[in-house]
1. Of everything in region 117-141, what is part of a loop (DSSP other than H, G, I, E, B) and among the acidic types (Asp, Glu)? Give them in sequence order.
2. Restricting the search to region 207-227, which residues are in contact with a helix residue (DSSP H, G or I) (Cβ under 7 Å, 6 or more places away or on another chain), farther than 23 Å from Pro166 by Cβ and either in a helix (DSSP H, G or I) or without any contact (Cβ under 8 Å) to a residue 12 or more places away in the chain (or both)?
3. Sort through Val314, Val238, Val224 and tell me the only one that's out of contact with any Leu (no Cβ under 9 Å at 6 or more places or on another chain) and open to solvent by less than 30 Å² (accessible area, probe 1.4 Å).
4. Please count how many residues of region 267-285 are at pLDDT 95 or above, open to solvent by less than 70 Å² (accessible area, probe 1.4 Å) and either under 14 Å from Thr185 (Cα atoms) or out of contact with any helix residue (DSSP H, G or I) (no Cβ under 6 Å at 6 or more places or on another chain) (or both).
5. So, Glu322, is that one of a type in the set (D, E, K, R) and either open to solvent by less than 30 Å² (accessible area, probe 1.4 Å) or part of a helix (DSSP H, G or I) (or both) or not?
6. Restricting the search to region 241-260, which residues are surrounded by fewer than 24 Cβ atoms within 10 Å (Cβ to Cβ), under 22 Å from Gly167 (Cβ atoms) and not aliphatic (A, V, I, L, M)?
7. Output the residues belonging to region 302-319 that are without any contact (Cβ under 8 Å) to a residue 60 or more places away in the chain and either assigned to a helix (DSSP H, G or I) or of a type in the set (A, V, I, L, M, F, W, C) (or both).
8. Among residues belonging to region 39-57 that are out of contact with any Pro (no Cβ under 8 Å at 6 or more places or on another chain) and in a loop (DSSP other than H, G, I, E, B), point out the one that is surrounded by the fewest Cβ atoms within 10 Å (Cβ to Cβ).
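The values are calculated or read from the model by the stated rules, or taken from the named source; none is laboratory data. On a predicted model such as this, the values are computed, not experimentally measured, just so you know. In this analysis, Cβ positions are derived from the backbone assuming ideal geometry, glycine residues included, and neighbour counts consider all displayed protein chains. Ligands, DNA and RNA are stripped out before the accessible areas are found, and what is left, the full protein with its side chains, is counted by its heavy atoms. Shrake-Rupley method; radii C 1.70, N 1.55, O 1.52, S 1.80 Å.
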Amino acid sequence: MKALVYHGPGQRAWEDRPKPVLIEATDAIIRVTTTTICGTDLHILKGDLPTVVSGRILGHEGVGIVEEVGANVLSFHKGDKVIISCVTSCGRCSFCRKGMYSHCATGGWILGNQIDGTQAEYVRIPYADNSLYAQPAETDDEAATMLSDILPTGHECGVLNGQVKPGDIVAIVGAGPIGLSALLTAQLYSPAEIIMIDLDDNRLKVALSLGATKAVNSSDGKAVEQVMALTNAAGVDVAIEAVGIPATFGICQSIIAPGGRIANVGVHGKLVELHLETLWDRNITITTRLVDTVTTPMLLKTVRSARLDPKKLVSHRFDLSEIMKAYDTFGNAAKEHALKVVLKNTCSCGNTADEK
């Protein structure tokens, strides 16, 4: 089969790899039909995640069709359409029993990290019964792919951890796909205002079209002043950090109101300063989290009912064989006006993929 393979910082290749096989009786082999590229993949290519070794197939999002299941897989069968969760869950360990699937003792975020991922024609999914979701026939593949990671990530790490509630003033720092996912799902909780902050006017324009009430371009270094002016110097009730760099977390610390909540979503690869000298007396809550995907079933219901339309986050479409070009497009998001790029596996080779 063909796959996108990481070969160290800044190095990736579209190359031949063996088709995956069942290793455990709880595994499933999925023929990937649609996948995408995540901002985390860009962090990997920068060398920010040392757990990812050279030779790893990247990707942790996608939908597909069950090709083969292990003897102990009960919920899925050959031919089923499925959503691949970015988080692998054994369902048995102490963390899984707490609903903290991201910290599963033998799973968690391992796809495209510690085991080969979804940017390939086929992928092996451990603990298939707990790590796949049945995809309803009427659900669009592109919308379903957004349920693999970014929609539950924005919802759980941003909106739920930020405890967004009716009447809140919310600021989301970063209008990329994750920030926009937080924007979409925050509206389920009726905040009074959602202020989007970003360097890119195009992304801010998209954010306004998706329900943001205000947009702040931070390229002039005056985002804090602008937000404080918009809130009559009160600050915001919830600040969601959706980029993963020191500057954006710094903005969150500077705009949060007393009693507010800062919800970190971004993947941080560098040291970040925590300004306790100004926050120590302000009743601030700061949360961190890796997505657990516990809300994926609920989000799937909202997508099926048309309450949410995550397909709006898709800006570019490629064939899976064009993934090198897709990475270039996603990696130059400002220039290309890119949000989510989706990749369709149009190969009709079926079982002949073993010979590729």
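1. Taking region 117-141 first, the residues part of a loop (DSSP other than H, G, I, E, B) are 117-119, 121, 126-127, 135-140.
Correct list: Glu121, Glu138, Asp140.
2. Once the filter is applied, which keeps residues that are in contact with a helix residue (DSSP H, G or I) (Cβ under 7 Å, 6 or more places away or on another chain), farther than 23 Å from Pro166 by Cβ and either in a helix (DSSP H, G or I) or without any contact (Cβ under 8 Å) to a residue 12 or more places away in the chain (or both), region 207-227 yields Ala223, Val224.
3. On the way: Val314 fails: out of contact with any Leu (no Cβ under 9 Å at 6 or more places or on another chain); Val224 fails: open to solvent by less than 30 Å² (accessible area, probe 1.4 Å).
Unique residue meeting the criteria: Val238.
4. Matching residues across region 267-285 total 3.
5. On the way: of a type in the set (D, E, K, R): yes; either open to solvent by less than 30 Å² (accessible area, probe 1.4 Å) or part of a helix (DSSP H, G or I) (or both): yes.
Yes: the conditions hold for Glu322.
6. If the condition is that a residue be surrounded by fewer than 24 Cβ atoms within 10 Å (Cβ to Cβ), under 22 Å from Gly167 (Cβ atoms) and not aliphatic (A, V, I, L, M), then Pro258, Gly259 are the ones that fit.
7. Selection gives Ala306, Phe318.
8. The extreme case among them is Pro50.
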